[in-house]
Each structure stands twice: as structure tokens, then as C-alpha cells.
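Working notes, structure below.
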Amino acid sequence: MPAFPRAAAVATGNATLRANLRRATHTIRAKRDRAVAELEDWDRLRAAGAAIKDRTLRHLDRYLVRLEENVVRAGGTVHWAADADEANRIVTDLVRATGETEVVKVKSMATQEIGLNAALERAGIRAYETDLAELIVQLGDDLPSHLLVPAIHRGRAEIRDIFRDRMADWGRPAPEGLTDRPAELAEAARLHLREKFLNAKVAVSGANFMVAETGTLVVVESEGNGRMCLTLPETLISVVGIEKTVPTWRDLEVFLQLLPRSSTAERMNPYTSMWTGTTDEDGPRAFHLVLLDNGRTDALADPVGRQALRCIRCSACLNVCPVYERAGGHAYGSPYPGPIGAVLTPQLRGLASPLEESLPFASSLCGACYDACPVAIDIPEILVHLRERVVEGGEATVRGTRTVIKPARRHAGERAVMRAAGWTFDHPGALRRGQRLAARTRRFHPRRLPGPGRAWSDTRELPEMPAESFRDWWARTRGDAGTGSGDGEGNGLS
């Protein structure tokens, strides 16, 4: 994937994409605001959610051990995956052991993160997405562009064409004469997926939460496809990030209020599925839990960045972000788009390429994401923190090892400018002489910056230089009394 500025430049030129995103995000945002306004204690719930997550992350090692013990006690098997390759290998081997070549999937960000579908395909195993939006993305050979609504960039007519052209390649074809009416599209998907549900022997899921107290996993959804995947197959494999752990059922209660209102603007999810190990004659006969690290403990080692691990994947930050609304999710080059992706992806992957280095700058720092976050993640603070790491380098934990990261080459000019500015502001006399020189030469100032500065001034007008600086105006109108000598180092107005 290219760096964010290049990808966003292409995306913002797509008028249809911008219209789809604007309509969808504004609709979801308005509904979410109304749902949140119903609760007088929303701010206290938000603070409680943040506190529970922080406490869990501080003692995550202890809670993960407790979770494993209780999952095993209930008849499940726990596997630990340090990275994406290990997780994909574990899941592939588990599916192969069943003798099956097809699996049905519950919508899962973790499996998108590790590229599980592609890994299974290489092993001769076909994975069928069963979430409606994920089905649209899969049939269209596309990528998700939103945490909650992966096909948010698609219009109804596009979805109809995808169903007509591609459904037959994956199973039951679309009905004859299919239109773009939502009810007809949903019915076509239901008929197509029902065959998958009834025939599948293996299912793969993620989880929204894992309760360490009992070893229970929780999936919340709106369509019922998850319930079908979690109950009908003989083998269930769940791939879950280690940060999804909550200590107790009492803690879970807080998040079951926060998540549905922030994500789908509902008071509660239509389907909340919970399972604990295996039970005779009820549900899957075998349950495997794959606990995924894949950079999460690196993020945990960062005192500022670790708050991103509070995320409950509600997507509220995407729906209020002016950058996401215009650029869309694909420009982020990650299953995690929007503000949370801009801080989570560089921490999970490390600053491994120009894409990851560019993501912390994919923000206006307006702060709307922090206001909307149901677990009070200060995304602007993390963005600034990561920007400093990109530009200045410094120590960071990468794959469990404390490493010194070198400054990014593309920011050498920025570093030089900021150091020069810092020196100037530390020397008021030099600052005043520079201001006077700039004022006297203002008629010769260009309207656009040359060289690398063009990227900034192409979308902004350079401010007009005043004929007189504020300090000179003050000295002229109020006199020099009490303001120092003007050129001295002790000027009180510096």
C-alpha cells in the first residue's frame, strides 16, 4: 500500500465514494448521538469503561492465565500466537485436522488483521464470510473500509451488480430479476448463506470480549449470522486479540451498555452470543481459542500508546472524523481505518514502511474522535506521540525487544526547520530582527511555497505578512517602558 497522502489523494477525487461516506457517516452519527443522550450517566459509564480497561491491561498477564485455565476447565483448548504467521498456521492445522476444506466465518477484525482468508486459501481451504457487509466485500474482491460497516463505500446499485455477477461463483446464485431494493438484497444474501450454514462443519470467529472469570467468549451482532456460525458447526475456532479480556461478568455489563449505543445506536444488540467451552449435545463438539498478540504487547509497553488497546471496535471515531469522511477507509492500508487505525496500526506493525510512518499524520487533530470514544481513548495525544517517534526517533518496543528507532528520512527538513524555530524563539533579539526583515520584504513573498513546501501550500493560502509586528506596534503605541529593550534576551513579550 502507498503512504496515506498518496492513497488519500486518489480517494478524495472519487465523488461517488465521498457521497456514500458522507451520507452513511452522518446518518450513523446522528442516530448514535440520540442513543447516547438517553443515558444520564453516559460520562460515568465512559469513565468506568476506561478504568476497567486500564486495570485489565496493567494486570493482563494474570487475567490471561485465569482465562486459559477456565477455558480449558470448560472443555476448550487454548493456543497462543505470537504473530500473524503463527496464528494462521494454528488455524490452518486445526481445519486440516477435521478433514474439511470449507469454513464459515463470523465477522472478525483479528482474522482480517492476520490475513487468515488468504492463508487458508493457500492451504486449499475456502473461507465464506457470513456477515452481510463482509459478504459484499468478499464477492466484490474488495477490502473492508469501515470497522462496523465494511461495505460502507458501496451503493445499493453496486451491491446488486456484485450479487448478480459473483454469487454463483461462491454458491447459490442471485435470484432472477434482482433489484437494488434493500429487502431484496437482504433476502438474496439470506438464501445464499443459509446453504453455507447448514452444510458447514467448521466455523471461525473472533470475539468482542473474553470473560476471564469463567472463560466465556462474547460476540455481539445485529444479523444473526454469528449465532448460526457459533452453534451449528461441529468445530469452532476463535481468533481473539489478547486485549479483549475483561476480568469479570460485572465488568462486561459496562461494555454491553457502551458498545451497542456507540456502534449501531441501539440500546442493546439484537444478538448477544456467549459460550463457555463445550457442552454435550449443544453447540460445537470442539472449541479452540487462539490468543493473538501480533504487536499488542509492544503497544502495552508504551505508556502513552497503550490506551489504544482499550478500543472496543465501535467505530464511533470514524463516523465523526473529517479525514475519514473524505478519504475513506482504504487509504489507511489496514483493516483498522480512521482515527483508531492511525494510532493502532503503527503500533501493531511498527514503523515498518512509509505507510505506517504516514498514518499518525492522517489527522487534523480536531479532537472529535476523543469526544466520541466510549472508552475515552485520547487519540490526538497518541497521534502527537507517534508523530514525535516518526520525526525524532527514539526508544520503542518492537517484537518484545527494546529498540532505538531511527528518525524517518522524509522528515529531515522538518526536523531542521523545527530546531531552527526553537533556537529563534529562545533568542528574542534574533526573532525580532527576523520579523522586521520579513515585514520589509513582504512584497516579494511568494503566494505558494517552493520545493517540498508545495504540498502544504497547494491546499492553503500563505498568511499575509503584516507591515509591523505586534511587538513593534506595542513599542510604538505604548512605549518601551516595562517591555525590555526590544532586542534584549529578557523581553517580556517573547
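The values are calculated or read from the model by the stated rules, or taken from the named source; none is laboratory data. Every value quoted in this text rests on a predicted model; they were computed, and no experiment measured them. Cβ coordinates were reconstructed from backbone atoms using ideal geometry, including for glycine residues, and neighbour counts include every protein chain displayed. The accessibility values were calculated without ligands, DNA or RNA, using every heavy atom of the protein model including side chains. Shrake-Rupley method; radii C 1.70, N 1.55, O 1.52, S 1.80 Å.
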Can you list residues from other chains, or at least 5 along the same chain, whose modelled amide H is less than 5 Å from the amide H of Thr216? Val211
Interchain or long-range residues, amide H under 5 Å from Glu102's placed H: Arg126
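Using only the Cα atoms of the range 11-141, construct the convex hull and provide its projected area averaged over every direction, in square nanometres to one decimal.
Numbers: hull surface 49.6 nm².
Its Cα hull, projected and averaged over all orientations, spans 12.4 nm².
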List, in order, the whole-Hz ³J(HN,Hα) value for each residue of the range 52-63 obtained from phi through the Karplus relation with A = 6.51, B = -1.76, C = 1.60 and θ = phi - 60°; use x for Gly and Pro. 5, 5, 5, 5, 5, 5, 5, 10, 4, 4, 5, 6
Compute all pairwise cysteine Cβ distances in the chain, then list the cysteines with no distance under 4.7 Å to another cysteine. Cys229, Cys311, Cys314, Cys321, Cys366, Cys373
For Val417 and Lys31, what is the calculated FRET efficiency with R₀ set at 60 Å and r taken between the beta-carbons, to the nearest 0.05? 0.85
Show me, for the range 310-318, the HN-Hα J-couplings you get by feeding each phi into the Karplus relation (A = 6.51, B = -1.76, C = 1.60, θ = phi - 60°), rounded to Hz, glycine and proline as x. 5, 3, 10, 6, 7, 6, 4, 5, 5
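Where does each of 130-136, 13-19 land if you order them by average Cβ count within 10 Å, highest first? All intermediate terms of the calculation are to be shown ahead of the outcome.
Values: 130-136: 23.4, 13-19: 13.0.
Averaged packing, sorted descending, gives the order 130-136, 13-19.
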Counting only helical runs of four or more DSSP H residues, what would the 222 nm mean residue ellipticity of the chain come to if each run contributes -39,500 (n - 2.57) and the total is spread over all its residues? -15000 deg cm²/dmol
Using alpha carbon centroids, what distance separates the range 149-173 and the range 315-342, in Å? 23 Å
For Pro452, the net charge from surrounding residues (Cβ-Cβ under 11 Å; K, R +1; D, E -1) works out to +1
Under a Cβ-Cβ cut-off of 9 Å, what is the net charge of the residues other than Ala119 that fall near it, where Lys and Arg count +1 and Asp and Glu count -1? 0
DSSP beta bridges in the chain: the antiparallel percent, rounded to 5, is 35 percent
Going by Cα centres, the range 104-130 and the range 424-459 are how many Å apart? 53 Å
Please compute the net charge surrounding Pro260, taking Lys and Arg as +1 and Asp and Glu as -1 over other residues with Cβ under 9 Å from its Cβ. +1
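Where a ≥ b ≥ c are the square roots of the eigenvalues of the C-alpha gyration tensor, would you call the chain rounded, which needs a/c under 1.5, or, failing that, prolate if a/b is larger than b/c, or oblate?
Numbers: a/c = 2.29, a/b = 1.83, b/c = 1.25.
It comes out prolate by the Cα gyration axes.
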Between the range 276-292 and the range 1-73, what is the separation of their alpha carbon centroids in Å? 27 Å
Can you give the accessible area of Ser334 in Å² (nearest 10), computed on protein heavy atoms with a 1.4 Å probe? 20 Å²
Quick check on packing: order 340-349, 146-155 by the mean number of other C-beta atoms within 10 Å, highest mean leading. 340-349, 146-155
Spelling out what I want: for every residue of the range 330-338, take phi, set θ = phi - 60°, compute 6.51 cos²θ - 1.76 cosθ + 1.60 (Karplus), and round to whole Hz; glycine and proline get x. 5, 5, 7, x, 7, x, 10, x, x
Between Val304 and Glu468, how many nm apart are label points set 7 Å from Cα along the C-beta direction? 4.1 nm
Rounded to 5, percent antiparallel among DSSP beta bridges of the range 97-239: 25 percent
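Express in nm, to one decimal, how much length is gained between Leu39 and Thr459 on full extension, taking 0.36 nm for each residue of separation and deducting their alpha carbon distance. Please report the intermediate quantities before stating the final value.
Numbers: separation 420, 0.36 × 420 = 151.20 nm, distance 4.13 nm.
Separation in residues times 0.36 nm, less the Cα-Cα distance, equals 147.1 nm.
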Protection proxy (average C-beta count within 10 Å per residue), highest first, orders 182-190, 282-290 as 282-290, 182-190
